[in-house]
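These notes concern the structure reproduced below.
The values are calculated or read from the model by the stated rules, or taken from the named source; none is laboratory data. Since we're looking at a predicted model, the values are computed, not measured. Don't worry about glycine lacking a Cβ; one is built from the backbone with ideal geometry, like all the others, and counts go over all protein chains shown. Each accessible area value is taken on the protein alone, full model and side chains, heavy atoms only, with ligands, DNA and RNA left out. Shrake-Rupley method; radii C 1.70, N 1.55, O 1.52, S 1.80 Å.
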Amino acid sequence: MSATEPATGPVSNLPTTAEAVARNYRDASIAPSLVSGIAAAFEGVCLSVVGVGLLPLFSVSLAGLTLAIPVGAAILTLFVAQILGANDLSLLRRHSQRFAKLLVAWSSVFGFVSVLLIIGDGLPDVARLWFLVWYLAGVMTLGLASAMTSLATRRLTRAGRLQKRAVILGGGTMAESLITALEETGGNELAILGVFDDRNDDRSPENQQGFPKLGNTSDLVDFARLAAVDLVIVALPATAEVRILQLLKKLWVLPVDIRLSAHSSKLRLRPRSYSYIGRVPFLDLFDRPITGWSQVSKRVFDVAIASLAIVALSPLMIGAAIAVKATSKGPILFRQPRYGFNNEVISVMKFRSMYADQADIKAEKVVTRGDPRVTPVGRFIRKTSIDELPQLFNVLKGDLSLVGPRPHAVNAHTEHKLWEEVVDGYFARHKVKPGVTGWAQINGWRGEVDTPDKIQARVEHDLYYIENWSVLFDLYILMLTPIRILNQENAY
């Protein structure tokens, strides 16, 4: 792939059959987490519009506190509903059960707002009538919006476009029993793509209940990336601890949910210890980070802030572009293939900081202090990170997030070893979209990477960010970024 070619997905070394299955499902389905987030956002918008729309009917001014109340309450309701699990895909198909959770969320927020108003100055008499009507209208709005999202979800599911893409790890009788149970009670929630097993004897046939064996555990890692798998089900007995740990060491780098089947287990824990698909119990081992409403809120945050930043920083970017073009021959922008979400290769844009005939597209040589390949203007824009500003357009495109693990070059290496060979679990940092800035960068880990310890520290900070993500955490990192950049000495 050249530096200017768009990425089309991970490169595959899979057997032909497995690759064909993976590409077919990747193109035909919609990510359930995206639908969950869109459903929540739709209901939040409806709730806000109804609250604000009722204000003029009761002669309440569309300004100040009265305008902030319905909008703020709608947003808070979304967060409470998320905590209650109302946006889980399984509930999106069940209107009555989901509406009950939404009603609890809405009533709780309404009660909280009521207490705040009582403690404060309260509302005028005419606004009190709006307040009561607003609650009842909110109940009806959520009921109607939830019914619409449930109907749309069921239609997409029946069409086979909204099933969780799942694979089973482990073959034999346990896998067969699990598949039978899922088909009998799981409805149409799962699309089982196939079975993976490291065994090659009679205990692991080439076909299980009509589903093909597609490879071993190593093949599963490549397959999961290519097919954008949502769920990996481990069909091994819970007593096989050593084997399960070995598998998890390979699989935890994937942005997927990993579940241990408890269908055939004689060990019985408390009901709340399990998650269910239909009536089939599972033990949750790993959850994919930033899904559902969190995924949508992060994307909205990215688009809104990146758009404002492009407008505010446009004079600086225009000046940088003129300086680059006027002081050295070659294009203004430098495009480089880098790792994106789920190991997909993306084309990241920067202002060109090297002489055009010495540009290092493949990242074969690390940039060092006083590097002769870097232009005088390039030194300044690299030092101040102005060269990174075109990546705001990568954010709008959806390849990058504003905050996340920095996208590393595909060939990035230290001491003649690729970084994935230096750091165990390196690819786990690709479980979320890479970012223009990140937790590692504001903690001083930017610039030259000339020792294994430096890349190890970066990855540790990246994993900390993934495990502790929130919108407020993103905002905190963004606020600190310009301050830390101007006070760092290790970027050349």
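Residue-wise test of (1) part of a strand (DSSP E or B); (2) of a type in the set (Asp, Glu).
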{"residue": "214", "(1), (2)": "yes, no"}
{"residue": "219", "(1), (2)": "no, yes"}
{"residue": "233", "(1), (2)": "yes, no"}
{"residue": "253", "(1), (2)": "no, no"}
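Here residue 466 meets each of (1) modelled with pLDDT of 85 or more; (2) more than 26 Å from residue 249 (Cβ to Cβ); (3) assigned to a helix (DSSP H, G or I) with one exception, condition (2). Does at least one position in segment 332-345 carry a residue that is aliphatic (A, V, I, L, M), touching a strand residue (DSSP E or B) at 6+ places or on another chain (Cβ under 9 Å) and open to solvent by 40 Å² or more (accessible area, probe 1.4 Å)? Yes, the conditions are met somewhere in segment 332-345. With the condition kept exactly as written, say whether any residue in segment 379-394 is open to solvent by 20 Å² or more (accessible area, probe 1.4 Å), in a strand (DSSP E or B) and not charged (D, E, K, R). No, there is no match, as no residue in segment 379-394 is open to solvent by 20 Å² or more (accessible area, probe 1.4 Å), in a strand (DSSP E or B) and not charged (D, E, K, R). For the criterion of being under 26 Å from residue 105 (Cα atoms) and of a type outside the set (Ser, Thr, Tyr), residue 214 fails.
Yes/no matrix, rows are residues, columns are (1) modelled with pLDDT under 80; (2) open to solvent by 50 Å² or more (accessible area, probe 1.4 Å); (3) of a type in the set (A, V, I, L, M, F, W, C); (4) out of contact with any helix residue (DSSP H, G or I) (no Cβ under 7 Å at 6 or more places or on another chain):
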residue: 119; (1), (2), (3), (4): yes, yes, yes, yes
residue: 125; (1), (2), (3), (4): yes, yes, no, yes
residue: 140; (1), (2), (3), (4): no, yes, yes, yes
residue: 159; (1), (2), (3), (4): yes, yes, yes, yes
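Kindly indicate which of 332, 310, 346 is over 30 Å from residue 83 (Cα atoms), hydrophobic (A, V, I, L, M, F, W, C), modelled with pLDDT of 85 or more and in contact with a Gly (Cβ under 8 Å, 6 or more places away or on another chain). Unique residue meeting the criteria: 346. State all residues of segment 289-342 that are within 24 Å of residue 472 (Cβ to Cβ) and either of a type in the set (S, T, N, Q) or not in a helix (DSSP H, G or I) (or both); if no residue qualifies, say none. 289, 290, 291, 294, 295, 297, 307, listed by residue number.
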